[in-house]
Amino acid sequence: MSESSSAVSLVPGAPEGGRRRLSVVIPAKDEREGLEALLAAVYAALGECGGLEHEVIVVDDGSRDGTFERLRELQPRHPGLRGVRLSRNFGKEAALLAGLRAATGDAVITMDADLQHPPAVIPEMVARWRAGAKVVHGVKSRPSGARRRDRFASSAFNRLMRYLAGIEMRRASDFTLLDRVAADVVVRELPERRRFYRALTRWVGFRQESVVFDVPPRERGSSAWSSARLMDLAATGIVSFTSLPLRLVTFLGLATLVFAVVLVADTLWSWFTGTAVSGYATVEVTLLFVGSAVMISLGILGEYVARIYDEVKARPGYVVEEELGGAPRPDSPSLPTPAQGG
Ligand code: UDP
Ligand code: MG
């Protein structure tokens with residue numbers, strides 16, 4: 001934590017002989033009330049990072065409670081505070097991407113605005129980064145999720161991701177530090193529009209480490225995630241990281257085929273032996289079974305097709321309405337810039 005900045009040369013992307021720079025990206029939807037306390041905690045934590053230069057970018061994801069106006073009021077008191085305002089609510093994944101694109105640091109930390117990602121963990125993340133880690137994951141000490149069914153669904157999802165895509169997502173969060181090299185991959189080299197940030201940060205590779213943190217309950221406001229939205233994110237995670245479900249459909253088809261062959265043999269047998277017309281239940285069961293297998297298969301195909309359609313449309317993932325503070329990155333013209341509103 002109190003490490004001096006003499007290890008500068010360790011980190012690629014650091015300006016020649018200059019101090020290293022840390023960006024903190026915070027997506028915020030309707031977080032006006034908590035903003036001041038959040039910034040106080042974040043700036044206190046940044047003060048313990050051994051003299052890093054820093055910027056804090058709050059991405060207002062279509063708030064309706066005046067989050068951006070509050071940010072504008074708070075800006076003069078917070079050196080390096082910046083704001084990006086999206087033209088409407090595009091969702092946390094889009095807001096994260098907008099913030100990552102705006103970030104100029106040699107490392108970028110992404111965190112929630114509701115203090116459920118305790119800023120006090122930042123110095124430890126930075127220490128790991130200084131020691132050479134390229135990605136530092138914040139891992140929750142306990143599984144989160146207020147609703148029991150969400151916790152259950154999330155553990156099923158984590159298992160699927162582990163077995164199907166080989167990505168360990170247990171207790172993962174979006175509280176993550178990315179070195180510039182990893183951030184550049186996530187932002188520039190992954191053109192997909194439907195994103196699943198916490199899996200992408202694992203997919204990039206490099207030296208990855210984890211820091212465990214406790215999730216305090218949300219103090220203000222309420223979680224903006226409905227179960228439906230969580231399911232959508234989970235589907236994006238699975239569909240964008242593995243095609244195995246499609247292969248499962250094929251296996252399901254093969255299994256049904258074997259079943260059918262057996263039934264045909266049985267039917268023919270009873271026809272030959274003259275004991276036909278006893279199979280009403282068999283027909284009914286077969287019909288229902290095959291019918292639901294076909295429906296499930298179509299559903300799985302549909303998930304992929306829907307996402308292919310999204311990618312083909314190639315719409316920008318968000319629209320920026322307004323920016324507050326900060327100069328654009330020197331090389332930003334080469335970025336795949338999103339459409340600018342206004
Ligand atoms: N958030 C956002 N856009 C949304 C929903 C949420 O930017 O559409 C932000 C929100 O302000 C917070 C973070 O994403 O900073 C996590 O949201 P929340 O606390 O509602 O989720 P949870 O903690 O339940 O995962
Ligand atoms: Mg939260």
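State whether one or more residues within the stretch 23-31 are within 16 Å of Asp179 (Cβ to Cβ) and modelled with pLDDT under 90. There is no residue in the stretch 23-31 that is within 16 Å of Asp179 (Cβ to Cβ) and modelled with pLDDT under 90.
Within the stretch 190-202, take every residue that is surrounded by 16 or more Cβ atoms within 10 Å (Cβ to Cβ) and of a type in the set (A, V, I, L, M, F, W, C) and give me the one that is farthest from Val319 (Cα to Cα). Can you show your working first?
Residues of the stretch 190-202 that are surrounded by 16 or more Cβ atoms within 10 Å (Cβ to Cβ), as a first pass: 193-202.
Retained after the next criterion (residues that are of a type in the set (A, V, I, L, M, F, W, C)): 196, 199-200.
Values: Phe196: 19, Ala199: 24, Leu200: 22 Å.
Residue satisfying both the conditions and the ranking: Ala199.
Scan the stretch 87-114 residue by residue and report those that are among the β-branched types (Val, Ile, Thr), more than 14 Å from ligand 1 (Cβ to nearest atom) and either part of a helix (DSSP H, G or I) or at pLDDT 95 or above (or both). Across the stretch 87-114, the qualifying residue is only Val108.
Does Gly205 count as touching a Lys or Arg at 6+ places or on another chain (Cβ under 9 Å), at pLDDT 80 or above, in a loop (DSSP other than H, G, I, E, B) and not charged (D, E, K, R)? Criteria met by Gly205. Total residues in the stretch 62-86 satisfying the condition of being within 9 Å of ligand 1 (Cβ to nearest atom) and open to solvent by 10 Å² or more (accessible area, probe 1.4 Å): the figure is 2.
Considering the stretch 187-228, the residues that are farther than 19 Å from Gly34 by Cα and of a type in the set (Phe, Trp, Tyr) include one that is farthest from ligand 2 (Cβ to nearest atom), namely Phe206.
If I filter the stretch 197-209 for residues that are in contact (Cβ under 8 Å) with a residue 60 or more places away in the chain and farther than 27 Å from Glu124 by Cβ, do I get at least one hit? Within the stretch 197-209 (the criterion being in contact (Cβ under 8 Å) with a residue 60 or more places away in the chain and farther than 27 Å from Glu124 by Cβ), the answer is no, since none of the residues qualifies.
Taken together, the criteria place Arg147 among residues that are more than 18 Å from Phe196 (Cα to Cα) and basic (Lys, Arg). Per the conditions (1) over 20 Å from the mean Cα position of the chain (by Cα); (2) at pLDDT 80 or above, the sole criterion not satisfied by Arg315 is (1).
The values are calculated or read from the model by the stated rules, or taken from the named source; none is laboratory data. Model, not experiment: these values are computed from the prediction. FYI the Cβ positions are ideal-geometry reconstructions off the backbone, even for glycines, and counts take in every protein chain you see. Side chains included, ligands, DNA and RNA excluded: accessible areas come from the protein's heavy atoms. Shrake-Rupley method; radii C 1.70, N 1.55, O 1.52, S 1.80 Å.
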